[in-house]
Amino acid sequence: MTNIDINAVRAELSQALSKKFDDSTGVAVYGAGDTAERWFNSFLDKEEIAPKYFIDDTPSKKGTIFLGKPVVTFEEAHALCKSFVIVPCSYDSRTIEFMSQSFHEDPVEKGEFCNSFDEYVFCTHAKEVLDVFDLLEDDLSKATYANLILARMGKAEQNQGFVRSNRPYFEVPEFAKIKFDEVFVDCGAYVGDTIEQFLTVRLGEFKKVFAFEPSDRTFRALKVRTDRLKAEWGLYDDQIKLVQAGVGEETYHTELKTTMKNDYATCATFSGKHKCSRGGDIPVYAIDEYFAEEPISFLKADIEGYEWKMIHGAKQVIKRDRPKIAVCIYHSAFDMYRIALKLKELCPEYKFAVRQHYCDIWDTVLYAYV
């Protein structure tokens, strides 16, 4: 981190965020597929973005209702979306390029097309993004965060020099220290890779691990791995508790929906909800309810866009225990700023760092600690 002018970095970020979108007439989201469903279902605060229409030329979607809003074709959008801000909603750069090309070849009257969903979100919430930049404790965090915001907006290439591929969730020194009474909560435990790293970093010294994982296939793999780790580290059986469940803003049961063939938890989302008393397939727990009588000291979350809801379901535990938190913020553009600000509101004593653990925009981790 030598020769980095943080003031210049902030100025560049501020300049990129200064673009104003006139969305007073309305917003239309271009794309009514799995990506839009996933992104919008993970937004607890629906007022963050409220489109009047979804635009999609898929024949089967014509005239349908998607997430409570009408789906219109691009041709229909010419009449219905005049003077709208049109926001593309896709992970795929080629799809966004096609959307952009369609718009510019046959523009909607007085419509404004965003380069990306993230550009619209970050420019609309420029103050909050800059507030998070200013909250970060160290220059590496500030430079990493600014570079990621710019890269997600299409304003810069990702700086590979900021990537820290080793020890995700334990990169910041406070998170690697041995603590004999540590109660580690792993939300999105996957196949136990983070638990194994936790044991290695902490030399097997801790009080208890709670591991939440909803998917059948990954939960089976998680059990195989943790059984091995218990034997290798000489752990008591009850030191690692596996919970086949998701984590959210409240406790309920749901159906697990997967969007890819391999059925891994990284592809899983929840659909529908009902209270536990009515039964269901997969339980989803609020941290506040599950740990009402159990103090925790370290909370990790990588739960495919449900991190924001998890934080809302953990407000009392966060206030009570002030745990170290290592949470993924890359799943949603909104999470890139709102999670840090919510945690600061819940626990003003928190300090913050950001580390990037992959050579792409994935695996951005926010670290919060007292």
The simple spin-label model distance between residue 294 and residue 217, using points 7 Å out along Cα→Cβ, in nm, is 2.8 nm
Taking the dipole of the stretch 101-164 about the Cα centre (Lys, Arg +1; Asp, Glu -1; charges at Cβ), the one of 104, 158, 129 that reaches farthest to the positive side is 158
Counting only DSSP loop positions in the stretch 180-235, the trypsin sites (Lys or Arg not before Pro) whose Cβ has at most 10 other Cβ atoms within 10 Å are none
Result for the stretch 116-156: accessible area per residue, probe 1.4 angstrom, in square angstrom, of 28 Å²
For residue 82, counting only lysines whose alpha-carbon sits under 16 Å away and dropping same-chain residues fewer than eight positions off, the answer is 52, 110
Of every hundred units of 1.4 Å-probe accessible area on the chain, the number belonging to carbon and sulfur atoms, as a percent, is 48 percent
Computed, not fitted: 222 nm per-residue ellipticity of the chain from DSSP H runs ≥ 4 (each -39500 (n - 2.57)), nearest 500, equal to -10500 deg cm²/dmol
Along the dipole axis of the stretch 1-114 (charges at Cβ: +1 for Lys and Arg, -1 for Asp and Glu; origin at the Cα centre), the most positive-end residue among 29, 8, 70 is 70
Here the percent of antiparallel bridges among DSSP beta bridges lying wholly in the chain, to the nearest 5, is 40 percent
Any GluC sites (Glu not before Pro) in the stretch 47-106 that lie in a DSSP loop and have at most 16 other Cβ atoms within 10 Å would be none
Each label sits 7 Å from Cα toward the beta-carbon; between residue 98 and residue 203 the label points are separated, in nm, by 5.6 nm
DSSP beta bridges in the stretch 1-152: the antiparallel percent, rounded to 5, is 15 percent
Taking a crude spin-label model, label points 7 Å out from Cα along the C-beta direction, the residue 19 to residue 320 distance in nm is 4.5 nm
The Cα radius of gyration of the stretch 1-103, divided by 2.2 N^0.38 Å with N its residue count, comes to 1.31
One point scatterer per Cα, no solvent, Debye formula: log10 I(q)/I(0) for the chain at q = 0.08, 0.11, 0.13 Å⁻¹ comes out as -0.43, -0.81, -1.10
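The values are calculated or read from the model by the stated rules, or taken from the named source; none is laboratory data. Keep in mind it's a predicted model, so treat the numbers as computed, not measured. Here Cβ is always computed from backbone atoms with ideal geometry, including for glycine, and neighbour counts include all displayed protein chains. Please note that ligands, DNA and RNA were not included when accessible areas were found on the heavy atoms of the full protein model with its side chains. Shrake-Rupley method; radii C 1.70, N 1.55, O 1.52, S 1.80 Å.
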